[in-house]
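Structure first, commentary second.
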Amino acid sequence: MGHNQTLNKIYLKIAVFTLIFLLITVGYFFILNFYSQKTLAKINEINNLKEKLIQNQATIESQNKIKKIVSLIEQKTGKELKTILFEANQKLDRDFETTKNLVNEKLQKENWSIQTTSFNQQEKKLTFIFQLPESDLEKFSNFMIESGLIWQTINFKIDKINNNLNIELNLQTK
Amino acid sequence: MKKAKLAIMIIYISVVILINGLTIFFLAQKIGQGNEIYFKQHQPTEIKLPIEEKDIDQIIELLRASKIL
């Protein structure tokens, strides 16, 4: 009877010890996992900050480039950019009808044959397809530059047909 | 009794070694993951500007020809 009791005590001790040992092990892995996840989250945060830093550097670089370009323009023109933009806006603030009449008048005056015209008053877009002799190309380019229509051009196609040039001109108005 | 104690000691030591091994494996795995995240290459973002420095002269010339300047 005494021997059995001693054995029972030993089994109980082993069971309690095993239980405590298992609990400690589970706790240990739980803590290990918890802190490693936390560390990984921090590393991820650092990585995101690094990415943001790179993006900010790129933005600062482009802003510096813009500042440099603006100061170069102002230096070369002797005018402030605001003034240039104001003047340009005044000159190029051409409405739909004025633009349409300007191009039509030029085409009729120079006798350049109109192939197709299409006007989209809602979107304020105009398309002119016309032909002109190859020798008139300079005249046409001068007209585009001097009238400021080049700044309203959204698309431009030119094809050579025999001695003539077929031009498709897409313009955007205010 | 001595044999039982020895067996328990061996089991205990084996479990401790197993736990240590698992810990090392787990840590190595997490360090690998952390390393991968930390040294992940970032694509340098490039912001393209509508005009470049080399185009300024041409634009000014065009503005002058258009009598805007």
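The values are calculated or read from the model by the stated rules, or taken from the named source; none is laboratory data. Note that the structure is a prediction, hence the values are computed from the model and not measured. Please note: Cβ atoms are built from the backbone with ideal geometry, for glycine as well, and neighbour counts cover all protein chains shown.
Please find, within segment B:33-66, the residue that is surrounded by the fewest Cβ atoms within 10 Å (Cβ to Cβ) out of those that are polar (S, T, N, Q) and more than 9 Å from chain A (Cβ to nearest Cβ).
B:GLN41
Quick one: in segment A:24-43, of everything that is within 10 Å of chain B (Cβ to nearest Cβ) and among the β-branched types (Val, Ile, Thr), which residue is surrounded by the most Cβ atoms within 10 Å (Cβ to Cβ)? Please lay out each step first, then the result.
Narrowing segment A:24-43 to residues within 10 Å of chain B (Cβ to nearest Cβ): A:24-25, A:28-29, A:32-33, A:35-37, A:39-43.
Now narrow it down to the ones that are among the β-branched types (Val, Ile, Thr): A:24-25, A:39, A:43.
Values: A:ILE24: 11, A:THR25: 15, A:THR39: 14, A:ILE43: 19.
Only one residue tops the list, namely A:ILE43.
Confirm whether A:ILE46 is over 30 Å from B:ASN35 (Cα atoms), within 41 Å of the chain's Cα centre (by Cα), facing chain B (nearest Cβ under 8 Å) and at pLDDT 90 or above. Working first, answer last.
Values: over 30 Å from B:ASN35 (Cα atoms): no; within 41 Å of the chain's Cα centre (by Cα): yes; facing chain B (nearest Cβ under 8 Å): yes; at pLDDT 90 or above: yes.
No: the conditions fail for A:ILE46.
For segment B:9-32, check the following and say yes or no: at least one residue is assigned to a helix (DSSP H, G or I), at the interface with chain A (Cβ under 9 Å from one of its Cβ atoms), free of Cβ contacts under 8 Å to residues at least 60 places away in the same chain and closer than 30 Å to A:ALA58 by Cβ.
No; the residues of segment B:9-32 include none that is assigned to a helix (DSSP H, G or I), at the interface with chain A (Cβ under 9 Å from one of its Cβ atoms), free of Cβ contacts under 8 Å to residues at least 60 places away in the same chain and closer than 30 Å to A:ALA58 by Cβ.
Identify the single condition in (1) without any contact (Cβ under 8 Å) to a residue 12 or more places away in the chain; (2) more than 14 Å from chain B (Cβ to nearest Cβ) that A:SER113 does not satisfy, given that it satisfies every other one.
Of everything listed in (1) without any contact (Cβ under 8 Å) to a residue 12 or more places away in the chain; (2) more than 14 Å from chain B (Cβ to nearest Cβ), A:SER113 misses just condition (1).
If you take the residues of segment A:84-110 that are modelled with pLDDT of 90 or more and among the acidic types (Asp, Glu), which of them is nearest to the chain's Cα centre (by Cα)?
So, considering only residues that are modelled with pLDDT of 90 or more and among the acidic types (Asp, Glu), the one nearest to the chain's Cα centre (by Cα) is A:GLU97.
Is it true that A:LYS82 is more than 30 Å from B:GLU52 (Cα to Cα), among the basic types (Lys, Arg) and free of Cβ contacts under 8 Å to residues at least 60 places away in the same chain?
Working: more than 30 Å from B:GLU52 (Cα to Cα): no; among the basic types (Lys, Arg): yes; free of Cβ contacts under 8 Å to residues at least 60 places away in the same chain: yes.
Answer is no for this residue.
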